[in-house]
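One structure below.
The values are calculated or read from the model by the stated rules, or taken from the named source; none is laboratory data. All values derive from a computational prediction rather than experimental measurement. Counting neighbours? That spans all protein chains shown, and the Cβs are built from the backbone with ideal geometry, glycine included.
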Amino acid sequence: MYCNAEHVMEKQTINIIIGGRSYKFQVAPENESKVRAAAKKIETKVTSYLQRYENKDMQDILSIVLLDTTLSLISFENKEEMSDVMRQLNDLDAKLEKYISSR
């Protein structure tokens, strides 16, 4: 995890704004840009959904952003799983090809 309390001496405090609220995080310097990029993506989605659903409160908007982001993550994980399956199938295909050609 990028924002945890382990090794606080090695971490720096950064301020992130999400949904109009300010949050302080302790992050390792090498993770600061990732945390800021994640916050920026969240804020962009929040802004987009606020414009689309003007009658929703911030909790509803954040829930929608969380669902949207999690769906994207699941889709990405499925693609990685498929890539792994494809690699295994290609390896198996190469082994079968080698076996068949040696007979």
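Just a few scattered comments:
- Flag if Ile14 is surrounded by 14 or more Cβ atoms within 10 Å (Cβ to Cβ), aliphatic (A, V, I, L, M) and at pLDDT below 95: no
- Qualifying residue in region 80-87 (condition: out of contact with any Phe, Trp or Tyr (no Cβ under 9 Å at 6 or more places or on another chain), among the β-branched types (Val, Ile, Thr) and farther than 19 Å from Arg21 by Cβ): yes
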